[in-house]
Each structure stands twice: as structure tokens, then as C-alpha cells.
Amino acid sequence: MVVAGALIIRRALQDAAAQSETASDSGYDWSQNEMNWHWRCECGAQSRGGDIKADTEYNAQRHQWRKWSKGTGHPMPEVYQKPL
């Protein structure tokens, strides 16, 4: 009975390890975050500090939405990167 329980636990641990290996290989390029990402807009606004790419893109879009809601069209800010 103890041996069967140990085999079940061992198999569960092996399955969990295999899942974590495949989960980390999601195809996401983590190297894109080795730079500081910023945004700048034609209106002169710019980001206050470096961040990861996805957050910077979202913050740039939020800037556009804030300006767009005032009734005038507003361009999407440019997202760019600087080395760390």
C-alpha cells in the first residue's frame, strides 16, 4: 500500500514537472523585456519611465484614449525601446 502511494506521488510530481516545462515554452519572447520601453506622441507627451513592452503599449493606448475622449482625433503614440 505504501509503495503504491509512493508511485502515485512520484507520477504526479513527474507530470507536474513536465507541465511546467511546456508552460514555460509558451513561445513568448522574454528577451523583449531586456530593454526599457517608452512611448512618445506627436503632441509632445511621453512616458515617464521605462517599463515592459506590453505595459508601455497599454499606457500609450490609454494616452490616446484620454485625448480621443475630448472630441478630437489623436494619433497612437510611438512605442520604442532604449537599452538598459
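The share of accessible area on segment 33-83 that comes from carbon and sulfur is 45 percent, using a 1.4 angstrom probe. The lysines whose alpha-carbon is closer than 25 Å to the alpha-carbon of K82, local same-chain residues fewer than 8 away aside, are K53.
Site pair Q61 and M76 shows an inter-label distance of 0.9 nm when each label is modelled 7 Å from Cα along Cα→Cβ.
Excluding ligands, DNA and RNA, the accessible surface per residue across segment 33-83 is 70 Å² with a 1.4 Å probe.
The values are calculated or read from the model by the stated rules, or taken from the named source; none is laboratory data. This is a predicted model, so every value here is computed, not measured. Note that each Cβ is placed from the backbone with ideal geometry, even for glycine, and that neighbours are counted across all protein chains shown. To get the accessible areas, we keep the full protein, side chains included, count just its heavy atoms, and leave off ligands, DNA and RNA. Shrake-Rupley method; radii C 1.70, N 1.55, O 1.52, S 1.80 Å.
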